[in-house]
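This report concerns only the one structure given below.
The values are calculated or read from the model by the stated rules, or taken from the named source; none is laboratory data. Small disclaimer: the values here were computed from a predicted structure and weren't measured. Cβ placement follows ideal geometry from the backbone for every residue including glycine, while neighbour counts extend to all protein chains displayed. Quick note on the areas: whole protein, heavy atoms, side chains included, nothing else; ligands and nucleic acids left out. Shrake-Rupley method; radii C 1.70, N 1.55, O 1.52, S 1.80 Å.
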Amino acid sequence: MENQQAIGVFDSGVGGTSIWQEIVTQLPFENTIYLADSKYAPYGTRSSDEIISLSIKNTERLIDLGSKIIVVACNTATTNAIDYLRTHYDIPFIGIEPAIKPAALQSITKSIGILATKGTLNSNLFHSTMDKYAQDVNVLEVIGEGLVPLIEANQLESEELKTLLTSYVELMLDAGIDHLVLGCSHYPFLIPQLKKILPTHVKIIDSGLAVAKQTETVLSLNGNLKIEGIGSHMLYSNKDVGVLESFVSRFRESELKNNTVNIRYLDF
Ligand code: DGL
């Protein structure tokens, strides 16, 4: 039965588990398959053509493994490749994009910051979203250079990461931002560090929950929602299984008590 098939999720690495966690929380009966393409991370410094090829590779593997829908849990892959994927594959895709619209609407200072990869900030899709929703606000775009490799190396608490993050945030605070949009699915793992650096009036916006809700809506419209049973989850890394395990483990202990979770190495 098609609703027994999995929600396939991919990212350039472990960061998309921030989105996967939202999906599993929102849709507790669903089976999932997660691909962490850490061997090829970061995507954010690659050309658009390379990002499209990597997205094709991940999509085809997720289809082979039995996905009924694919969540592109990576802003860089979404903004560069989702149009191509939607045109070439007959499976629904859900993407993640920087949440500029709510930040622009809610901003009082009319100044917002966005932290994202070079690949996302340079993409056509990002520029058209900016044209649509950010006409009336000042948007300070900052490339989070160096952050993804440190997160992929599980260096969340390192001094190097803290120094980089502080320098990026300071640029935005100087511009008077009151909202900080996290435009990369790796960055929600930096929220504890960001909260130590940011003044309390600056609101952090990320898109994880919206992606999970959109996944639910599309599955429901297609009659593909799995609404009973126990969710089973397969997570694969093509690089360091230990790092993926550590990103998933805290959540696994608190939220996934009854579900089956397997984390394995896979060459893809
Ligand atoms: N998680 C990816 C994103 O949302 C990280 C990009 C990268 O690998 O550079 O953009």
Computed magnitude of the charge dipole of the chain (debye, nearest 20; Cβ of K, R +1, Cβ of D, E -1)
320 debye
Heavy atoms of H127: accessible area, 1.4 Å probe, square angstrom to 10
80 Å²
Mind checking which lysines have their C-alpha under 20 Å from K39, skipping anything on the same chain fewer than 8 residues away?
K57, K118, K239
What lysines does K196 reach when the alpha-carbon gap must be under 18 Å and sequence neighbours fewer than 8 apart in one chain are set aside?
K162
Given labels modelled 7 Å from the Cα in the Cβ direction, how far is it in nm from T200 to D49?
5.3 nm
Taking all protein chains in place and a 1.4 Å probe, what share, in percent, of the accessible surface of region 174-268 do carbon and sulfur account for?
50 percent
Which lysines, if any, have their Cα less than 17 Å from the Cα of K226, not counting same-chain residues under 8 positions apart?
K68, K213
Rg/Rg_ref, the chain, where Rg_ref = 2.2 N^0.38 Å and atoms are Cα
0.96
Heavy atoms only, probe 1.4 angstrom, no DNA, RNA or ligands counted: give me D11, D49, D240 ranked by accessible area, highest first.
D49, D240, D11
Within region 212-241, which residues have the backbone N less than 13 Å from the label spot 7 Å out from E255 along Cα→beta-carbon, could you tell me?
212-213
Just to verify a number: what accessible area does F251 come out at with the full protein assembly present, 1.4 Å probe, Å² rounded to tens?
20 Å²
Model label zone, E145; criterion: amide N under 18 Å from point 7 Å along Cα-to-beta-carbon; scope region 22-46:
42-46
Any idea what the relative contact order of the chain is, in percent, if you count C-alpha pairs under 8 Å spaced at least 6 apart?
27 percent
Mean accessible surface per residue for the chain, computed with a 1.4 Å probe while every protein chain stays in place, in Å²:
45 Å²
For region 68-117, the percent of accessible surface on carbon and sulfur atoms (probe 1.4 angstrom, ligands and nucleic acids excluded) is 53 percent
Roughly what would the spin-label model give for S158 and K132, points 7 Å off Cα along C-beta, in nm?
3.7 nm
Quick one: work out the % antiparallel among DSSP beta bridges in the chain, nearest 5.
0 percent
Exactly which GluC sites (Glu not before Pro) in region 102-169 are in a DSSP loop and have at most 11 other Cβ atoms within 10 Å?
E157
Gain upon complete extension [S232, I56; 0.36 nm per residue less C-alpha separation]
60.9 nm
Solvent-accessible surface (1.4 angstrom probe) belonging to D136, in square angstrom, nearest 10:
130 Å²
